[in-house]
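To start, the structure under review is shown below, and the notes come after it.
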Amino acid sequence: MHSYDYAVLLAFFALVLIPAPWLGRFYYKVMEGQRTWLSPVLGPVERGCYRLSGVNAETEQNWKQYTLALLAFNLAGFVLVFAVLLLQGYLPLNPTHLPGQEWSLALNTAVSFVTNTNWQAYSGEASVSYLSQMIGLTVQNFVSAATGLAVLVALCRGIARRSASTLGNFWVDMTRATLYGLLPLCVLLALFLVWQGVPQTFGDYVHAVTLQGVDQTLPLGPAASQIAIKQLGTNGGGFFGVNSAHPFENPTAWSNLFEMASIILIPAALVFTFGHYVKDLRQSRSIIACMLALFLIGGGAALWSEYQANPGLNNPQVEQTAPLEGKESRFGTTASVLWTVTTTAASNGSVNNMHDSLNPITGMVALVNMMVGEVIFGGVGAGLYGMLLNVLIAVFLAGLMIGRTPEYLGKKLQAREVQLLVATLLVMPVGVLVLGALAASLPGPVASVTNPGAHGFSQVLYAYTSASANNGSAFAGFGANTTFHNLMLGLGMLIGRFGYILPVLALAGSLAMKKSAPLGENSFPTHGPLFATLLVVTILLIGGLTFLPALALGPITEHLSLGF
Amino acid sequence: MTTYLRPATSLILLMTLITGAVYPLVVTGVAQVAFPEQANGSLLRDDQGQVRGSLLIAQAFKGDAWFHSRPSAADFATVASGASNLAPSNPALAQRINDSAAQQYLEAQGAVPLDLLTTSGSGLDPHLSPAAIAYQLPRVAAARQLATEALQALVEQSTLQPLIGPPVVNVLALNAALERLAPASK
């Protein structure tokens, strides 16, 4: 590793961790409707939205009403995107006259963007018009992230409130998350990206004649504005097919650093937002320590793995160094690996290198990051509500060990809460193992595999893990655009999204109604190094025990067979 | 039901207006004024004003008189871009790399730099490492009958050395500068 490799690691952690406490407090104030310095500009817009939609911002909803509002809003979004993708051939802002998407692809894409997954079975520049990118995909990038944030604050309120029947108002939470939480940061990042070289225009694709006289078409479009939200909203759906590896999406080492830090900027900040809700920032510190520990374990393993030359290329005529297939020169090994770890730890799924070509253990780190349920920072909102589920499971386990009723921040965990927790534990195994096994054993679907041997199985495993974890990255050689995979992966994405959201909101409702018992001397403390360690072990055990056999068949076999 | 239907439909339409139309339009407006070059694709034009490419998008260069770009799995296609997605364990990868190394290998210069043998993530990587340029330099100098020192000066002008990333040379910028200095005989 060179000095610039250490510099990019240092700059990355500084960009994420230094603003987090401040930004986390900002999100708390915004979501609780307190005045911020943005209120004079965005306040009138916010109130206008409520007036036009007939929303009374003062009323609150119980968990069932909150859930129904969320589902209605997501359904409306789905219908809109699905229709726009099917009909884009008849709609304006389509300079290259692209036809509508085939129905199963449009269905898959609509589900993918509504669930914050951004799995892409298509290539943006070749099959989605400017209009579809803007009013279809960009909008869902915003509101799917805002939906995640809304669910998180509902859970925070459920934990913080005592003997309460309501969790807030979904319409208000979603609107505030979009307007204050996402838009301002996106404008800043988008302009920074244009400065670095990302196109932002409504002009047509440009025709060029290369220096050697060959015709070339340069695809352009309003890319920077969409890339900003795809990173900040942990969406990950590329404007161009090869995503953030494309020089127009990610032109320089600096654009790369900022896009990468943007992936977990908001998820890291939200950990502190939670601390403000429960009026105990020690909780935030132990959770973020746990996330960092898991991030560093995975990151360390991935860097170690990816700096090894591929033994299969041992030839005196070939330079023996860290593999470069599928990587861009301007990023190099360190920034490529760091991106891979970040994008899979958070449920982002954008890629700046091709994961299919990574060394087996690097690919396995990406898989494990997703398999533990996207809780290592995770998606906007979704990462922390997933992590809080693990916190509750750790508390439950600790309760069993010390023989007391488990309680978290004064709230007793009883049969109903534990039932809901167990329901969420089933989401990843069902999505990955059941749907994945089906895809890996049927002769038709298995034809999508493009690499031989153990890696071929890894391709299937990666696709179904990515969909169920709402990540969206891929071992991109996998031919995902078939009716079977479009529908099954779509199902995986729905299970992975709503299989968490529904139990989490029910849990929030149930916790909100409880009285709060004061913390006694015998209560198990949920801050400090002991609890953080317990939390790390809980997450690794649950994920590890469930998925180790599948990993052994894929990346581990490939690693051993290559002779590293 | 209408308690949910009206806010759901009107809010999705309002959010579409704000985040899907106003937001990209505002960013486009500011970007077109503040950074017009970059916002329109960092285009490279010749003296007649003809667009010859984008400084960010690799072009295919063939023949001894040009610095060759990073290999492209999609043969430099721009719509749609693509990668090889070959696994490290795929025999096709080793086969392709060994064949390509046999073609490019120069005994005097040692092993071929790996970025000249591997395809990039985008298939449009506009850069190469300084080592990969140096490997090609004697060939280009001979073909254009240039002193290697003059060529090295050109290479340095097209080299980027960011604080937080590896040094890279923009192959298109380098070839364009080369063509101004000593046009290749067609």
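Values quoted throughout were computed directly from the atomic coordinates according to the rules given, and no laboratory measurement underlies them. Here the structure is a predicted model, which means the values were calculated and not measured. Cβ coordinates were reconstructed from backbone atoms using ideal geometry, including for glycine residues, and neighbour counts include every protein chain displayed.
Computed quantities for the displayed model
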| read-out | value |
| --- | --- |
| C-alpha center-to-center spacing [segment A:183-262, segment A:110-141] in angstrom | 15 Å |
| FRET efficiency, 1/(1 + (r/R0)^6) with R0 41 Å, evaluated for residue A:564 and residue B:180 via beta carbons | 0.30 |
| Cβ-based exposure ranking for A:37, A:171, B:66, in which fewest neighbours within 10 Å come first | A:37, B:66, A:171 |
| Positive-pole candidate from A:331, A:44, A:269, dipole of the protein assembly as shown, charges at beta carbon | A:44 |
| For segment A:249-258, Karplus couplings with θ = phi - 60° (6.51, -1.76, 1.60), whole Hz, Gly/Pro x | 8, 8, x, 9, 4, 6, 4, 4, 4, 6 |
| Sorted by Cβ density within 10 Å, fewest first, the residues A:514, A:327, A:279 | A:279, A:514, A:327 |
| Semi-axis lengths, Å, segment A:125-208, gyration tensor of Cα atoms, sqrt of 5 times eigenvalues | 37, 14, 8 |
| Proximal aspartates and glutamates to residue A:515, defined as alpha-carbon separation beneath 13 angstrom and excluding residues fewer than eight positions away on the same chain | A:407 |
| Estimated vicinal HN-Hα couplings, Hz - segment B:121-131 in sequence order (Karplus 6.51, -1.76, 1.60; Gly, Pro = x) | x, 8, x, 10, 4, x, 10, 9, 6, x, 5 |
| Tail weight of P(r) past 21 Å, computed on alpha-carbon pairs of segment B:41-181, percent | 45 percent |
| Inter-part distance where segment A:370-420 and segment A:428-481 are each reduced to a Cα centre, Å | 29 Å |
| Alpha-carbon centroid distance for the pair segment A:266-306 / segment A:1-53, whole angstrom | 17 Å |
| Percent RCO, i.e. relative contact order, over chain A, from Cα pairs under 8 Å lying at least 6 residues apart | 20 percent |
| ³J(HN,Hα) computed for each position of segment A:358-371 - Karplus, 6.51 cos²θ - 1.76 cosθ + 1.60, integer Hz, glycine/proline x | 5, 4, x, 6, 4, x, 5, 4, 4, 4, 5, 3, 6, 5 |
| Order of A:84, A:446, B:155 under a 10 Å beta carbon neighbour criterion, fewest first | A:446, B:155, A:84 |
| At R0 = 51 Å, FRET efficiency that the Cβ-Cβ distance of residue B:106 and residue A:397 yields, to 0.05 | 0.25 |
| Interchain or long-range residues, amide H under 5 Å from residue A:206's placed H | A:218, A:220 |
| Interchain or long-range residues, amide H under 5 Å from residue A:475's placed H | A:463 |
| Mean Cα-pair separation over length for segment A:341-416, i.e. relative contact order, pairs under 8 Å, 6 or more apart, % | 23 percent |
| Interchain or long-range residues, amide H under 5 Å from residue A:168's placed H | A:61 |
| Net charge dipole size for the protein assembly as shown [Lys, Arg +1 and Asp, Glu -1 on Cβ; Debye, nearest 20] | 2500 debye |
| Charged-residue dipole, Cβ positions (Lys, Arg, Asp, Glu), segment A:349-425 about Cα centre, Debye nearest 20 | 360 debye |
| Segment B:1-153 - percent relative contact order, Cα under 8 Å, separation 6 or more | 22 percent |
| Choice from B:148, B:118, B:16 with maximal GNM fluctuation in chain B (Cα, 10 Å cutoff) | B:16 |
| Contour excess over end-to-end distance, with Cα ends at residue A:18 and residue A:552 and 0.36 nm allotted per residue | 188.4 nm |
| DSSP bridge orientation in the protein assembly as shown - percent antiparallel, rounded to nearest 5 | 95 percent |
| Rg/Rh (Cα only; Kirkwood hydrodynamic radius) as it applies to chain A | 0.96 |
| Furthest towards positive pole of dipole, A:360, A:445, A:423, structure part segment A:312-448, Cβ charges | A:423 |
| Top positive-direction residue, dipole computed over chain B with Cβ charges, set B:13, B:133, B:24 | B:13 |
| Chain B, dipole about Cα centre (Lys/Arg Cβ +1, Asp/Glu Cβ -1), debye to the nearest 20 | 400 debye |
| Convex hull of Cα atoms in segment B:1-109, direction-averaged projection (nm²) | 14.4 nm² |
